[in-house]
Amino acid sequence: MTMRSHYCGQVDESLIGEEISVCGWVHRRRDHGGVIFIDLRDREGLLQVVFDPDRAEIFAEAERIRGEYVLAVKGVVRPRPEGTINPNMKTGQVEVLAHELTVLNRSETPPFHHDENANEELRLTYRYLDLRREEMLGNLRLRHKVTMAMREYLDSNEFIDVETPMLTRATPEGARDYVVPSRTHPGKFFALPQSPQIFKQLLMMSGLDRYYQIVRCFRDEDLRADRQPEFTQLDVEMSFVDEDEVMEKMEALLRHIFKQVLDVDLPAPFPRMTYAEAMQRFGSDKPDLRIDLELVEVADLMASVEFKVFAGPASDPDGRVAALCLPGGNGLSRKEIDDYTAYVGRYGAKGLAYIKVNDVDAGRDGLQSPILKFLPDDAVSGILERTGAKSGDLIFFGADKARVVNDALGALRVKLGEDRGLVTEGWSPLWVVDFPMFEKDLQTKRWNALHHPFTAPSVNDADALKNDPGNALSRAYDVVLNGSEIGGGSIRIHDQSVQSAVFDLLEISKAEADEKFGFLLRALEYGCPPHGGIAFGLDRIVMLMAGADSIRDVIAFPKTQSASCPLTNAPGEISAEQLKETGIRLRTPRTS
Ligand code: ASP
């Protein structure tokens, strides 16, 4: 005998008159004039169960029921009486008159109610209760649909799902490794993979041709908002392809997912933009194109003005002076402008100059600004012309090292878009291409790989690369959706001499390269096909599709922002015996 004939949330008018059995949790109990109503909940939704005093035995039992008790109910489906129909409830047309009740389990009073906006620490401590909420269950189901749609597309496009090791060596993606001590090799450690990058490349060398994996990656990064130490990627690699083919296939994948899961048609093809253009126009390599605001170059107008704040960066080769016009912005209050100044301060900007445009036809007299007196007429008219400012607008300025101006104005652009309702509805995907190969660490003066050290340069020539690393472009591509980077990849180096040249430029010594990636360098000597791939951030994609505020809301058991788990209390201590077995002695003795 099955305990349950139907899910609560699936009982409808077609079952009227039938006897059914349902199981679930008590969502709410109401006593009305001698009749007890229980909203019984399972993963499909709520169902109203009625206990009539005529059935004295089960009525008495029903009176003892509390919230979150687990019940099995048998009863007959009937239409709700006129006036009690609930159009907001999926099963709002019907109810079940109970004639059998089994209390399968009791429950303590939960620490927070379903509808309550409990704090996150508490929600994570009692995650199993938090996941009972419709919204959270909905997120997990959406995630499942997304991964199903991914597999569907990839399978029908000849991709093969292969698992790669979790206990491995360092896989450089720019973060710290999570390490695992080895008991059988005391003093030695495994690293958890930051990505399967090297393994997927090796699979291409094996002739697998098209690989994918929905895979957990581990990155011990400094605490940044909305990052998880372990997160999930859709990892993909293809052989005998160039960047166009990878991008075409992968945007078709995204279109498939959006169509299947949300019935949304993403554009075909996705627009593409170079990194240089994205930085120039939006101050960001992940521009949200739904916001119709752009940075405008004004350095040449400022090079000879007396105002040092502008003239300095305008004549600095690493500097930038840019303007950002906010339509209708001249109504911003002093306080609002101060708040925006503080906001750009977080990105390193030392101030936020502005001009209010009261009447664009009145020349200088129509403008209002603390910096106006420093600007000659031609600079003023140039600014108005280039920004296309109209009466009623406000123009913000950024002047500093280009990196600071881009970070500050790029972030301000998004903030203004959100604050002023300038973000249009819908989905706006974008490929960003032609990234620089390297960027200089301003402190150490060393080159860093912008993507990772296996990314192919646009020139497939070791000498050309070494001669001018600063201007070398890479064959990397990022996919951006509504201002979030949701994926990134590249065509890889398949030529050993180019790979060695990149290691040299990154000042990874021969010995270090051999020790860390010798196996990859060796593999490159045994017939490596041209190949490339990409990895998508699954958590972020699902978060955007769910309209959730944080990736933690689409991960069943996430960590807090300080990389711990309040549910299990991980990370935890290990026993003295385990320490001994793994040959580890703690430098700081334990306090407990
Ligand atoms: N391995 C890269 C990452 O995880 C993505 C890729 O190049 O495929 O960011």
Unique match (being among the β-branched types (Val, Ile, Thr) and surrounded by fewer than 22 Cβ atoms within 10 Å (Cβ to Cβ)) among VAL404, VAL321
VAL404
When (1) within 23 Å of the chain's Cα centre (by Cα); (2) more than 16 Å from the ligand (Cβ to nearest atom); (3) under 20 Å from LEU450 (Cβ atoms) are applied to PHE536, the one that fails is (2)
Kindly state which strands (runs of 3 or more DSSP E) lie completely within region 424-483 and contain at least 3 residues that are hydrophobic (A, V, I, L, M, F, W, C), within 16 Å of the ligand (Cβ to nearest atom) and under 23 Å from the mean Cα position of the chain (by Cα).
429-433, 476-481
Taking the condition hydrophobic (A, V, I, L, M, F, W, C) and at pLDDT below 95, does ALA523 pass?
yes
Please determine whether any residue of region 251-264 is more than 12 Å from the ligand (Cβ to nearest atom), of a type in the set (A, V, I, L, M, F, W, C), under 21 Å from THR147 (Cβ atoms) and part of a loop (DSSP other than H, G, I, E, B).
yes
Please tell me if GLU95 is surrounded by 19 or more Cβ atoms within 10 Å (Cβ to Cβ) and of a type in the set (Asp, Glu).
yes
Just to be sure I understand, how many residues within region 450-476 are open to solvent by 30 Å² or more (accessible area, probe 1.4 Å), modelled with pLDDT of 90 or more and small (Gly, Ala, Ser)?
2
Just the residues that are outside any loop (DSSP other than H, G, I, E, B) and either among the hydrophobic types (A, V, I, L, M, F, W, C) or open to solvent by less than 40 Å² (accessible area, probe 1.4 Å) (or both), please, taken from region 284-318.
ILE291, LEU295, VAL296, ALA299, LEU301, MET302, VAL309, PHE310, ALA311, GLY312, PRO313, ALA314
Scan region 105-136 for residues that are open to solvent by 50 Å² or more (accessible area, probe 1.4 Å) and out of contact with any Phe, Trp or Tyr (no Cβ under 8 Å at 6 or more places or on another chain) and jot them down.
GLU108, THR109, HIS113, ASP115, GLU116, ASN117, ASN119, GLU120, GLU121, TYR128, GLU134, GLU135
Scan (1) more than 25 Å from ALA563 (Cβ to Cβ); (2) over 23 Å from the mean Cα position of the chain (by Cα) for the single condition LEU129 breaks and write down its number.
(1)
Out of everything in region 246-283 that is among the polar types (S, T, N, Q) and in contact (Cβ under 8 Å) with a residue 40 or more places away in the chain, what residue ends up being least open to solvent (accessible area, probe 1.4 Å)?
THR274
Taking region 143-154 as the search range and keeping residues that are farther than 11 Å from ILE214 by Cα and surrounded by fewer than 18 Cβ atoms within 10 Å (Cβ to Cβ), which one is farthest from the chain's Cα centre (by Cα)?
GLU152
Mind listing whichever residues of region 540-550 are more than 13 Å from the ligand (Cβ to nearest atom) and either surrounded by 21 or more Cβ atoms within 10 Å (Cβ to Cβ) or touching a residue at least 24 places away in the same chain (Cβ under 8 Å) (or both)?
ILE541, VAL542, MET543, LEU544, MET545, ALA546, ALA548, SER550
Residues that are within 23 Å of LEU521 (Cβ to Cβ): which strands (runs of 3 or more DSSP E) entirely in region 148-219 hold 1 or more of them?
189-191, 210-218
Do we find a residue being farther than 30 Å from VAL305 by Cβ, at pLDDT 95 or above, open to solvent by less than 50 Å² (accessible area, probe 1.4 Å) and not in a helix (DSSP H, G or I) anywhere in region 492-512?
yes
Can you say whether PHE199 is without any contact (Cβ under 8 Å) to a residue 24 or more places away in the chain and either within 16 Å of the ligand (Cβ to nearest atom) or among the aromatic types (Phe, Trp, Tyr) (or both), as far as the supplied structure shows?
no
Residues of region 37-67 being in contact (Cβ under 8 Å) with a residue 60 or more places away in the chain and surrounded by 18 or more Cβ atoms within 10 Å (Cβ to Cβ), in sequence order, are ARG41, GLY45
Mind telling me which of the residues VAL241, VAL305 ends up being among the hydrophobic types (A, V, I, L, M, F, W, C), within 16 Å of the ligand (Cβ to nearest atom) and in contact with a Pro (Cβ under 8 Å, 6 or more places away or on another chain)?
VAL241
Within region 208-223, track down each residue that is within 15 Å of the ligand (Cβ to nearest atom) and open to solvent by 60 Å² or more (accessible area, probe 1.4 Å).
ARG216
Looking at (1) open to solvent by 40 Å² or more (accessible area, probe 1.4 Å); (2) over 28 Å from VAL542 (Cβ atoms), which is the only condition ARG176 fails?
(2)
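The values are calculated or read from the model by the stated rules, or taken from the named source; none is laboratory data. Bear in mind that the values here come from a model prediction, so they are computed numbers and not experimental data. Cβ atoms come from the backbone with ideal geometry, glycine included; neighbour counts cover every protein chain shown. Accessible surface is based on the protein model in full, side chains and every heavy atom, while ligands, DNA and RNA are left aside. Shrake-Rupley method; radii C 1.70, N 1.55, O 1.52, S 1.80 Å.
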